[in-house]
1. Any idea what the C:Glu77 label distances to the other copies are, label 7 Å down the Cα→Cβ vector, nm, shortest first?
2. Could you work out, residue by residue across A:29-40, how many beta carbons of other chains sit within 10 Å of that residue's beta carbon, and then give the average as an integer?
3. What is the dipole size for the protein assembly as shown, taken about its Cα centre, with +1 at each Lys and Arg Cβ and -1 at each Asp and Glu Cβ, in debye to the nearest 20?
4. Which value, to two decimals, describes the C-alpha radius of gyration of segment A:1-82 once divided by 2.2 N^0.38 Å?
5. Residue by residue through segment D:40-56, which ³J(HN,Hα) values in whole Hz follow from phi under the Karplus form 6.51 cos²θ - 1.76 cosθ + 1.60 (θ = phi - 60°), with glycine and proline marked x?
6. If you fit an axis through the alpha-carbon atoms of helix B:11-36 and take the longest principal axis of the Cα set of chain B, what angle between them do you get, 0 to 90°, nearest 10?
7. For chain C, take the longest principal axis of its alpha carbons; what is the angle in degrees between that and the long axis of helix C:80-93, to the nearest 10 within 0 to 90?
8. Quick check for me: using +1 on Lys/Arg Cβ and -1 on Asp/Glu Cβ, what's the dipole size of segment B:10-91 about its Cα centre, in debye to the nearest 20?
4 protein chains.
Amino acid sequence: MERIGSLHEEPMLKGQLLRQVRIAAGHLTGIGKMIEGDAYCVDILKQIAAVQGILGRTARALAESHTRHCVRHAIEEGHGEEKIEELFEALKYLRHF
Amino acid sequence: MERIGSLHEEPMLKGQLLRQVRIAAGHLTGIGKMIEGDAYCVDILKQIAAVQGILGRTARALAESHTRHCVRHAIEEGHGEEKIEELFEALKYLRHF
Amino acid sequence: MERIGSLHEEPMLKGQLLRQVRIAAGHLTGIGKMIEGDAYCVDILKQIAAVQGILGRTARALAESHTRHCVRHAIEEGHGEEKIEELFEALKYLRHF
Amino acid sequence: MERIGSLHEEPMLKGQLLRQVRIAAGHLTGIGKMIEGDAYCVDILKQIAAVQGILGRTARALAESHTRHCVRHAIEEGHGEEKIEELFEALKYLRHF
């Protein structure tokens, strides 16, 4: 079953990423309130930058874990090529790690 | 009152950014569920990329509106210099527009 | 003559940006030699990251100078709107400051 | 000899990356002349964006080739872990693919 992710092999990382995503979601709720309340633009930009930072770190940790498990398994089973291509195709759309 | 943002001068943009932020927050909730459910890493990465895209467009529209209003007013009143410096300092931390 | 840039109003910044661009070009020459000589991939990636860093800082300083001069002049003459739109359109294509 | 890069295993890609880096260097020379000649800031920004685009594509192709060869070899020899960590550490500093 290749479409199962790698995070079940790293429960600690899984918990950590889940917390990061929830923190980012909490920031976004706050950003929504700032927009509603006509907060100062630069203060909103700083909050958006904070969320971007969290998402970048989350994506990086996830891509690394994916390489450590899914890509590694695929290489060990002799079909690493397509997994590697798939990963870098996805990384292209990530704005930043 | 310089710390009021520019969005009250652009109610349509304000509504639009608010919707974008809520869509991004909805995506993040979905990403949290994907992580919990051991979804495939590359599928999660694509969702994170989608949120990064929305946040980038939100930040860009906000920075442009800020320039169109707050920075412009500051320039008209003769103290544009500090507003411009403040804006570009904030842009430095945004990962991407 | 609107198509003249802002750097002639800031000779010190102009010299500084020119030096940065030349340093970046020197790095690129080195990167070319590394590729020719089969240098280690990660070492090449680090050099590319260094050039990206220089270019990002150059772009940011230039965009800020542009705002301080060209955009400000346009605002003072009452046609800031189009200049601001033009700037943010260009910033969209910059990968990172 | 682990510090040899992967590009000697992909001569076509090697030639291609070398050409890209030379094109980027040519652009930088042009950007230097634009700065010297007080070219319009937004035109310079567009050229910088073009170079950033080339460098991003070069870095991405190189990182993918590195994974396809150096990282794969390391995994096959049982020490993939450190290679993967090294790669993602380097990717952190790349501004954008």
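1. 2.6, 6.4, 6.6
2. 6
3. Dipole size: approximately 0 debye.
4. In units of the 2.2 N^0.38 Å rule of thumb, it is 1.48.
5. 5, 3, 5, 5, 5, 4, 5, 5, 4, 4, 5, 5, 4, x, 4, 5, x
6. Between the helix axis and the principal axis of chain B, the angle is about 30 degrees.
7. Rounded to the nearest ten degrees, it is 10.
8. Value, rounded to 20: 540 debye.
The values are calculated or read from the model by the stated rules, or taken from the named source; none is laboratory data. Remember, predicted model here, so these are calculated numbers, not experimental data. Here Cβ is always computed from backbone atoms with ideal geometry, including for glycine, and neighbour counts include all displayed protein chains. In case anyone asks, the SASA skips ligands and DNA or RNA and just uses the protein heavy atoms, side chains included. Shrake-Rupley method; radii C 1.70, N 1.55, O 1.52, S 1.80 Å.
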